[in-house]
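A short worksheet on the structure shown next.
The values are calculated or read from the model by the stated rules, or taken from the named source; none is laboratory data. Just so it is clear, the structure is predicted and the values come from calculations on it, not from any experiment. Using ideal geometry, Cβ is built from the backbone for each residue, glycine included, and neighbour counts are taken over all protein chains shown. Heavy atoms of the whole protein, side chains included, go into the accessibility calculation; ligands, DNA and RNA do not. Shrake-Rupley method; radii C 1.70, N 1.55, O 1.52, S 1.80 Å.
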Amino acid sequence: MWLLSCLRQYLHQLCYHSPDLKDLHTQQPEELRFDSCLLHQGPDQMAGLFSKQAAAYAAARPVYPKDLFTKLAALTAHHCLAWDVGTGNGQAAIGVAEHYDSVLATDVSEEQLLHAVPHPKVRYLHTPNATPGEDLVTTLGGEQSVDLITVAEAVHWCDLPAFYDIARRVLRRPGGVIAVWGYNYHISPVEDMMTRFFNTTLPYWDTRARYCMNRYKDLPFPFDDIGLGREGEPVSLDVDHEMSFEGLIGMLRSWSAVTMAKQQGVDLLGERMVKELEEEWGGASLVRKVTFKAFLLAGTPRADD
């Protein structure tokens, strides 16, 4: 029976389009669009902030380890539909797609999605405006239709109560899983250099970024423990990456605080700062093996929710 249910759900996702939907990687009418998850408070401002550095973001960010997605897939009872929230350039969605029949990947920034990597199992959706919860649940296939929800480096921007309410409704019961993870300036073995630069950005961060800076230790996460972090106790996740100096500067330019500072007339990555970073890095031509010290929370809806 579950196989029939999977097939029915998959066909539904292929065929159904909400009146408010816009699909970035298939030919859909311009007016078809919907909001990904009631995701951002102040969506227009946040979308603009991330749109400005979309190309740099796509080129500079690390690739998540394959075993992360294998581990998450092993935690879900079925593998029909996954929802990647705040997908950006599709980094997480591509990994999830290796384990699920279909992935719905949503973001408020159309510019980010233009840099997303196409994949036959991934449908990218631009989500510029808030949508009523009922419409969103329907677009996702109805209640208890999603096997896995992933939010990589984005949940701290959410209207958390609204997002979690949608997540609880659409996750399959039993067996549905939500996983959120992120990383910040803690990058080994260049922690001291990164901390010094991070301190220059402090006046320009949105207050919601504090969850990420605190490694999600104070992030509300009202889901049952499934052995991969719990509210107040995220697990560590090492993300290894080979990074050039050019890639480092590209990543720093993609920080929302750096973009905000520039909008206010402050160039945090001026010539002098870049030169200092180059010296600490070991030279402009050096490619280093680094490790992003990421953090993760995963859970399943509570029985009484």
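What to note about this one:
- Residues of the range 161-305: accessible area per residue with a 1.4 Å probe, Å²: 46
- If a spin label sat at a point 7 angstrom from the Cα of ASP267 along the line to its beta carbon, the backbone N atoms of the range 228-249 nearer than 17 Å would be those of 249.
- Alpha carbon convex hull of the range 168-263, volume per residue in cubic angstrom: 145
- Once the Kirkwood radius over Cα pairs is known for the range 81-129, the Stokes-Einstein relation at 37 °C and 0.692 mPa s delivers a diffusion coefficient of 321 µm²/s.
- Positive-end residue of GLN263, PRO161, ILE249, charge dipole of the range 153-305 with Cβ unit charges: PRO161
- Around the Cα centre of the range 232-305, unit charges on the Cβ atoms of Lys, Arg, Asp and Glu (plus for the first two, minus for the last two) sum to a dipole of about 160 debye.
- Annotation: extensible slack from GLU134 through ALA162 equals 8.9 nm (criterion: 0.36 nm per residue apart, minus Cα-Cα distance).
- Taking label positions 7 Å along the Cα-Cβ direction at both ASN199 and GLU280, the computed distance is 0.9 nm, reported to one decimal.
- Taking every Cα-Cα distance in the range 110-226 and sorting them into 10 Å bins starting at zero, the pair-distance distribution P(r) comes out as 10, 33, 35, 17, 4 percent.
- Leading residue at positive end of dipole, the range 151-305 (Cβ point charges), from TRP205, PHE295, ALA152: ALA152
- Simple spin-label estimate for ASN214 and LYS289 gives 3.5 nm between the two label positions (7 Å along the Cα-to-Cβ direction from each Cα).
- When only the Cβ of Lys, Arg, Asp and Glu is charged (+1, +1, -1, -1), the dipole of the range 125-241 relative to its Cα centre reaches about 100 debye.
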